[in-house]
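Structure record follows, encoded as structure tokens.
The values are calculated or read from the model by the stated rules, or taken from the named source; none is laboratory data. If you're wondering where the values come from, they're calculated on a predicted model, not measured in any experiment. All Cβ positions, glycine included, derive from the backbone under ideal geometry; neighbour counts span all protein chains shown. Accessible surface areas use protein heavy atoms only, side chains included; no ligands, DNA or RNA. Shrake-Rupley method; radii C 1.70, N 1.55, O 1.52, S 1.80 Å.
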Amino acid sequence: MTFEEKQADYARLIVKAGAAVRPGQKVYFACPIECYEFGRMVVKEAYLAGASEVVVKWQDDVTARMKYEYAPIEVFAHFPEWTALEMNSYVKDDAAFIYLAGSDPEAFKGVDITKMQAQQKASYEPMKEFRKAQSTMAVKWTVLAIPTRAWAAKVFPGMNVDTAVTRLWDAIFATVRIGDGDSYGKWMKHADTLAEKCRILNEWQLDSLHYENSLGTDFTVGLVQNHRWEGGADIDKKTGDRFFANMPTEEVFTMPDRRRAEGTLVAAMPLSYRGSLIENFRFIFHDGQVVDFDAEKGKDSLQALLDSDEGSKHLGECALVPFPSPVAEQGILFLETLFDENAACHFALGNCYETNLQGGAEMSEEELKAHGGNTSMNHVDFMVGTKDLKITGIRKDGSEVMVFENGTWAF
Ligand code: ZN
Ligand code: ZN
């Protein structure tokens, strides 16, 4: 396949596998303005797949940053009502949502964090209904990435930027199984493999998982009762269509009990959070809560994350990714969670996914919390998986089963 053929294949994969666009369906499409040529390819593929209308939203980090620099905080503290109305109306129309990420990981480095927090707080309530539609898979949505120049330059520092962009494209193609044809078929097969792991883990209904590795992780996390492991394809509630909320995706994940996490958890990779890098960090948990932490770099950002609300100090996601994954095989740090979280086992601080608990999508916030679910305005993934990671599953009767050995599946 030539480079251009791979791009065309990617655009098609986004529409057909990622968002599983049906004839007659409306498509909401967000794309970095810098990548307009590829964006147009996606729009065309969506129409060819029968989309009735593609609503295009061009995104731009540079002007978004100007707003943080020049606009007063009141602007961020006010969330216009029509924004939520607009998004909810697409849900009502049963649109499919396609988001192309590709941000410079340091696009917002140094901007006033209180403005970001004000914006996030202001949008939290009005956007609740829309977020819920996405998190409960009441609509089809997909997030993928596309190289921008600023991002590629950060991933391959010192390299000619044009070369870096091409290198990043190649890395992305490899992680989304594009190369020698039938990418759609490969994705369906991959989804079947992950579904089988979930089936077994769901049958086991482990009480907790114990993590150990040479970085110093010695950590036990409780799983909520009647938890559900999910991974690979997502299922649209209305149509039963398979779609992929994230591409690449190598993980199976479930709901940790927000009240049960104990011990030391050491990050295995840096974390890019709100435009800054947090490096060599670790958490100490007690009774489910972060009670101490340290970071060699970006400690302030980590502090701000933990302080943003109560739920940010608790876990909301527990994910297993075998080592090495196609993402890890690229041997690069993508500085983008979409990829880096698929390189290794991870956890997320903050909001849980309701669907990881049987009946969770129908529960109120209070009920969810009573079952051990976590709620927060944040959901921030951080990687803990290494090649020597060992994970022991502990059943309710105290007996043990190996889940991971030498960084990969033990069953
Ligand atoms: Zn995850
Ligand atoms: Zn996550």
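So here's what we get for this one:
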{"quantity": "Every residue from segment 131-158 that is within 16 Å of ASP170 (Cβ to Cβ) and part of a loop (DSSP other than H, G, I, E, B)", "calculated": "ILE146, PRO147, THR148, PHE156"}
{"quantity": "Residue satisfying condition, being in contact with a helix residue (DSSP H, G or I) (Cβ under 9 Å, 6 or more places away or on another chain), assigned by TED's automatic domain parsing to the domain that holds LEU100 and open to solvent by 10 Å² or more (accessible area, probe 1.4 Å), within set VAL139, VAL155", "calculated": "VAL155"}
{"quantity": "Verdict on LEU335 being more than 16 Å from ligand 1 (Cβ to nearest atom) and in contact (Cβ under 8 Å) with a residue 12 or more places away in the chain", "calculated": "yes"}
{"quantity": "Single condition LEU349 does not satisfy, out of (1) hydrophobic (A, V, I, L, M, F, W, C); (2) touching a residue at least 60 places away in the same chain (Cβ under 8 Å); (3) within 12 Å of ligand 2 (Cβ to nearest atom)", "calculated": "(2)"}
{"quantity": "Conditions (1) more than 13 Å from ligand 1 (Cβ to nearest atom); (2) within 17 Å of the chain's Cα centre (by Cα): number failed by ILE278", "calculated": "(2)"}
{"quantity": "Residue within segment 172-183 that is charged (D, E, K, R) and within 20 Å of the chain's Cα centre (by Cα) present", "calculated": "yes"}
{"quantity": "Qualifying strands (runs of 3 or more DSSP E) (wholly inside segment 338-411; at least 1 residues being away from ligand 1 (no atom under 16 Å from the Cβ) and more than 25 Å from MET116 (Cβ to Cβ))", "calculated": "390-394, 400-405"}
{"quantity": "Out of ASP218, ASP294, sole residue that is open to solvent by 30 Å² or more (accessible area, probe 1.4 Å), without any contact (Cβ under 8 Å) to a residue 40 or more places away in the chain, out of contact with any helix residue (DSSP H, G or I) (no Cβ under 7 Å at 6 or more places or on another chain) and more than 30 Å from ASP93 (Cβ to Cβ)", "calculated": "ASP294"}
{"quantity": "Residues (surrounded by fewer than 23 Cβ atoms within 10 Å (Cβ to Cβ), over 30 Å from ASP104 (Cα atoms) and assigned by TED's automatic domain parsing to the domain that holds ALA348) located in segment 236-273", "calculated": "ARG259, ARG260, GLU262, GLY263, THR264"}
{"quantity": "Single residue of ALA295, ALA370, ALA304 found to be away from ligand 2 (no atom under 16 Å from the Cβ), more than 25 Å from ALA195 (Cα to Cα) and touching a strand residue (DSSP E or B) at 6+ places or on another chain (Cβ under 7 Å)", "calculated": "ALA295"}
{"quantity": "Enumeration of residues in segment 91-150 that are free of Cβ contacts under 8 Å to residues at least 12 places away in the same chain, over 29 Å from TRP187 (Cα atoms) and under 20 Å from the mean Cα position of the chain (by Cα)", "calculated": "LYS128"}
